[in-house]
1. Which of B:Arg18, B:Arg40, B:Arg28 ends up with the largest GNM mean-square fluctuation for chain B, with Cα atoms connected below 10 Å?
2. Under a 1.4 Å probe, what is the accessible area of the protein assembly as shown per residue, stated in Å²?
3. Run the Debye formula on the Cα coordinates of the range A:1-107, all scatterers equal and no solvent, and tell me log10 I(q)/I(0) at q = 0.18, 0.20 1/Å.
4. Which pairs, out of A:Lys62/A:Lys190; A:Lys73/A:Lys235; A:Lys73/B:Lys79; A:Lys69/A:Lys212, put more than 23 Å between their alpha-carbon atoms?
5. Once R0 is set to 30 Å, what does the formula 1/(1 + (r/R0)^6) return for the Cβ-Cβ distance between B:Glu81 and A:Leu282, expressed as a FRET efficiency to the nearest 0.05?
6. Relative to the present Cα-Cα distance, how much length would full extension add between A:Ile274 and A:Ser246 at 0.36 nm per residue of separation?
7. Which sequence of A:Phe85, A:Phe140, A:Phe209 reflects their accessible areas, 1.4 Å probe, from the largest down?
8. For the protein assembly as shown, build the charge dipole from Cβ charges (+1 Lys, Arg; -1 Asp, Glu) around the Cα centre, then report which of A:Thr299, A:Ser263, B:Tyr123 sits farthest towards its positive end.
Amino acid sequence: MDLVERLFAGDKRACARLISHVENNVNGVNEDLKKIYKETGKAYVIGITGPPGSGKSTLTDKLVKLLRKEDKKIGIIAVDPTSPFTGGAILGDRVRMGDLNTDSGVFIRSMGARGHLGGLSDATSAAVTVLDAYGCEYIFLETVGVGQSEVEVMKSADTTLMVMVPGLGDDIQAIKAGVMEIGNVFAVNKSDRDGAKRTKREIDMMLDFSKKDWRPSVTLVSAIKDENVDVLLEKIFEHRDYLLESNLYHLERKANVKNEILSLVRKEIMERVINNDEKHQLLEDLSHKVALRIENPYTASEIIINELKK
Amino acid sequence: MRPIRVLVAKPGLDGHDRGAKVIARALRDAGMEVIYTGLRQTVDQIVNAAIEEDVDCIAVSILSGAHNTLLPKISEKLKEENAEDILFIGGGVIPDDDIPFLKENGVSAIFTPGTPTTVTIDYIKTNVRK
């Protein structure tokens with residue numbers, strides 16, 4: 001049996017190996033993805049984002065446990081940062097998910113961001129597709145700890161959960177553009193800490209200004225004490241129902257795949273320059289000239305694009 | 001070039017993970033992706049994580065003295081799951097006399113206290129499946 005057949009048969013190793021092929025861009029992986037794509041799109045994708053240490057992994061662990069009571073098959077992709085110096089990484093999200101580890105209905109995969117900015121890695125969309133084909137009904141996509149502008153997860157997830165914690169800043173932080181805009185559902189985790197209610201109030205005020213049709217809810221939770229996580233899950237479902245009842249579910253998925261297609265085009269163009277000796281040399285020569293101000297970056301990129309057209 | 005993926009795990013009941021963290025950090029600085037699973041992992045947890053993460057190497061740190069029981073169990077489980085192609089190494093307080101037994105039972109190498117991290121890194125780089 002080949003990898004794809006084994007994946008459809010529910011073989012865990014095949015699923016893991018295909019995700020590796022996606023991550024490493026192994027020759028032929030696109031052919032495998034083409035074969036499985038038609039069978040996917042059934043899984044509901046929940047993005048989990050928030051600052052480092054806000055409790056994303058712990059909260060994911062608790063949400064997944066609730067869904068497991070209904071015997072749903074779950075996939076989790078957890079992204080952690082890659083060193084810009086060595087390419088190495090410590091992927092530690094599994095530490096918070098110890099009990100899920102041996103649950104055969106849960107597949108957890110850690111990924112290094114591998115230089116990709118935006119909170120995810122290059123391979124996450126395709127990895128979601130693989131988990132979808134593997135039969136996962138819900139897929140959790142946990143980003144790296146984010147700052148203010150890593151908004152990419154909303155382009156891969158159906159519902160984005162923004163996990164905040166008290167004590168990170170005042171209401172000005174809450175009204176800034178960027179990550180605070182992408183949550184469809186908000187959680188203020190560590191609700192037993194001082195200032196949790198105030199943080200909720202500040203986020204609520206920010207959300208009251210929004211003129212969008214969907215008004216995200218803000219739920220106080222304590223992931224570690226497992227308090228209110230069931231309420232939060234209900235809020236996620238409410239957003240899902242809202243998407244399904246309106247036409248938005250299709251529209252958002254269309255916007256998401258459009259984004260995915262564009263990023264594949266971008267990647268292919270980059271690779272045609274970098275993986276071709278002649279064009280790579282051209283790039284080197286042009287960079288040299290631009291650095292010396294003999295040439296400018298704008299003409300240089302036109303030269304490369306013209307070269308690609310040949 | 002794809003990074004080597006290593007699962008760093010602590011089986012059994014001892015709660016001392018400084019060594020494991022030092023190793024994890026050293027492997028990270030050597031350009032590897034280290035999946036760190038934390039303390040008190042069971043054999044099933046370690047093998048399952050290794051499979052899901054599709055790692056090239058499992059590195060376990062054990063200081064409790066239960067190495068002769070736990071490490072062979074990990075190799076057995078790997079065989080059961082058809083995953084014995086994953087390089088399996090151990091480290092920690094392990095008497096020299098026990099090392100031959102562990103090597104007969106599926107552990108490729110044992111690194112005892114005082115081993116420079118570079119030795120472990122080189123061993124992994126040379127011996128993972130290509």
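1. Most flexible of the set in this elastic network: B:Arg18.
2. Ligands and nucleic acids excluded, the result is 49 Å² per residue.
3. Cα-only, vacuum Debye calculation for the range A:1-107: -1.12, -1.27.
4. Check vs 23 Å cut-off fails for A:Lys73/B:Lys79; A:Lys69/A:Lys212.
5. 0.05
6. Numbers: separation 28, 0.36 × 28 = 10.08 nm, distance 4.37 nm.
Gain on extension, A:Ile274 to A:Ser246, equals 5.7 nm.
7. Result, largest first: A:Phe85, A:Phe209, A:Phe140.
8. The residue sitting farthest along the positive end of the dipole is A:Thr299.
The values are calculated or read from the model by the stated rules, or taken from the named source; none is laboratory data. Just so we're clear, the structure is a prediction, and the values are computed from it rather than from any experiment. Cβ coordinates were reconstructed from backbone atoms using ideal geometry, including for glycine residues, and neighbour counts include every protein chain displayed. What goes into the accessible areas is simple: the full protein's heavy atoms, side chains included, and nothing from ligands, DNA or RNA. Shrake-Rupley method; radii C 1.70, N 1.55, O 1.52, S 1.80 Å.
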